[in-house]
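Asker: Submitted below is the structure of interest, expressed as structure tokens.
The values are calculated or read from the model by the stated rules, or taken from the named source; none is laboratory data. Since the model is a prediction, treat every value here as computed from it, not as a measurement. With ideal geometry, Cβ positions are generated from the backbone for all residues, glycine too; neighbour counts draw on all protein chains shown. These accessible areas exclude ligands, DNA and RNA; they are computed on the full protein's heavy atoms, side chains included. Shrake-Rupley method; radii C 1.70, N 1.55, O 1.52, S 1.80 Å.
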Amino acid sequence: MRVIVPFDARGPKTRLSTLLDYDDRNEFARAMLRDVVSVVQDTGRDPLVLSSAPIEFENCPVLVDERSLSRAVNERLRAASSAVAVVMADLPLITDAALERLLTREEDVVLARGIGGGTNALVSRTTDFAVDYHGTSYLDHRSTALEIGATLAEIDSYRLAVDIDEPDDLVEVLLHGESRATQWLRDRGFRLASGTGRTTVRRTDVTHEPSQ
Ligand SMILES: Nc1nc2c(ncn2[C@@H]2O[C@H](COP(=O)(O)OP(=O)(O)OP(=O)(O)O)[C@@H](O)[C@H]2O)c(=O)[nH]1
Ligand SMILES: C[C@H](OP(=O)(O)O)C(=O)O
């Protein structure tokens, strides 16, 4: 099964700009991309990075499509003659066991929810299904699948559900990750900070404020 990994190479992870400057965000996004691609390869599937701009990436083929995320993914879904999976590039806790649970279901549409309402991973076996990402896309994709009469499976997986959007999401990466992304954060001085409330993340080596 072909596994599409969408990747925004044009200034990714803007919602982390209070913690990471532009270069750091690019590096961190690429560390997560490598994590996801490696896990896809560990399951024996072929990843294809669907990038919004050209990138140097030696680990697997890259297809550049400058259109919006949904348009680029829908083009791949329409063109598919067999099952296609779409796995986001910002899932640093992903494991091959978690991904395998998604990929081995046989329903027409298989959805893995993200914290916050997104769709972190999916499989489509019907060209009638189209994506509409952003907002509460998980609910939208579930409705779409039901409207087109597709059989539907929903995967409840913590490891697939944690996507990295906001600074607080980094807590999960430091708590439960062992990936390149986790190591990248540690190397940059990010540490867990616990007190009376929820655990947060602080940076111990900051020599400058993020510029953008
Ligand atoms: N090919 C492609 N991938 C995208 C695009 N926008 C986002 N992605 C990828 O889709 C996944 C989810 O992205 P988001 O978290 O919504 O966006 P982001 O650009 O990574 O982060 P923010 O700038 O904070 O919104 C990630 O794997 C992104 O790299 C796009 O326009 N084209
Ligand atoms: C692309 C979007 O991701 P989020 O903004 O939820 O991370 C979604 O899954 O709909």
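Per-residue answers, yes or no, for (1) under 21 Å from A9 (Cα atoms); (2) touching a residue at least 24 places away in the same chain (Cβ under 8 Å); (3) not basic (K, R):
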residue: R45; (1), (2), (3): no, yes, no
residue: P92; (1), (2), (3): yes, yes, yes
residue: G116; (1), (2), (3): no, yes, yes
residue: R125; (1), (2), (3): no, yes, no
residue: A130; (1), (2), (3): no, yes, yes
residue: R142; (1), (2), (3): no, yes, no
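Asker: Could you please find all residues in segment 130-145 being surrounded by fewer than 21 Cβ atoms within 10 Å (Cβ to Cβ), at pLDDT 95 or above and not in a helix (DSSP H, G or I)?
Answerer: A130, D132, Y133, H134, T136
Asker: Here is a follow-up. List pairs: first residue in segment 48-61 and in contact (Cβ under 8 Å) with a residue 24 or more places away in the chain and open to solvent by 50 Å² or more (accessible area, probe 1.4 Å), second residue part of a strand (DSSP E or B) and within 14 Å of ligand 1 (Cβ to nearest atom) anywhere in the structure, Cβ distance under 7 angstrom, at least six positions apart or on different chains.
Answerer: The qualifying pairs are P54/V64.
Asker: Within segment 56-74, how many residues are under 16 Å from T127 (Cβ atoms) and either more than 16 Å from ligand 2 (Cβ to nearest atom) or among the polar types (S, T, N, Q) (or both)?
Answerer: Residues in segment 56-74 being under 16 Å from T127 (Cβ atoms) and either more than 16 Å from ligand 2 (Cβ to nearest atom) or among the polar types (S, T, N, Q) (or both): 2 in total.
Asker: Say we look at segment 7-42 and pick out the residues that are open to solvent by 80 Å² or more (accessible area, probe 1.4 Å) and free of Cβ contacts under 8 Å to residues at least 40 places away in the same chain; which of these is farthest from T104 (Cα to Cα)?
Answerer: Checking each candidate, the answer is D23.
Asker: Residue by residue through segment 35-60, note down the ones that are part of a loop (DSSP other than H, G, I, E, B) and either within 14 Å of ligand 1 (Cβ to nearest atom) or out of contact with any strand residue (DSSP E or B) (no Cβ under 7 Å at 6 or more places or on another chain) (or both).
Answerer: Across segment 35-60, the qualifying residues are T43, G44, S52, A53, P54, I55, E56, F57, E58, N59.
Asker: Look through segment 115-129, keep the residues that are within 8 Å of ligand 2 (Cβ to nearest atom) and open to solvent by 10 Å² or more (accessible area, probe 1.4 Å), and return whichever of them is nearest to the chain's Cα centre (by Cα).
Answerer: G118
Asker: Then there's this: Applying the selection to segment 87-114, what residues are assigned to a strand (DSSP E or B) and touching a Lys or Arg at 6+ places or on another chain (Cβ under 8 Å)?
Answerer: Those that are assigned to a strand (DSSP E or B) and touching a Lys or Arg at 6+ places or on another chain (Cβ under 8 Å): V109, L111.
Asker: Could I ask something else about it? What number of residues in segment 69-101 are away from ligand 1 (no atom under 16 Å from the Cβ) and under 16 Å from L152 (Cβ atoms)?
Answerer: 2
Asker: What tally of residues in segment 1-35 results from selecting those that are under 20 Å from A80 (Cβ atoms), within 15 Å of ligand 2 (Cβ to nearest atom) and of a type in the set (A, V, I, L, M, F, W, C)?
Answerer: Number satisfying all stated conditions: 3.
Asker: Let me ask something else about it. Of all residues in segment 71-86 being open to solvent by 20 Å² or more (accessible area, probe 1.4 Å) and outside any loop (DSSP other than H, G, I, E, B), which is farthest from I115 (Cα to Cα)?
Answerer: The extreme case among them is A79.
Asker: Additional query: Taking segment 146-181, which residues are open to solvent by 60 Å² or more (accessible area, probe 1.4 Å), within 16 Å of ligand 1 (Cβ to nearest atom), in a loop (DSSP other than H, G, I, E, B) and under 15 Å from L91 (Cβ atoms)?
Answerer: Within segment 146-181, E166 is the sole residue that qualifies.
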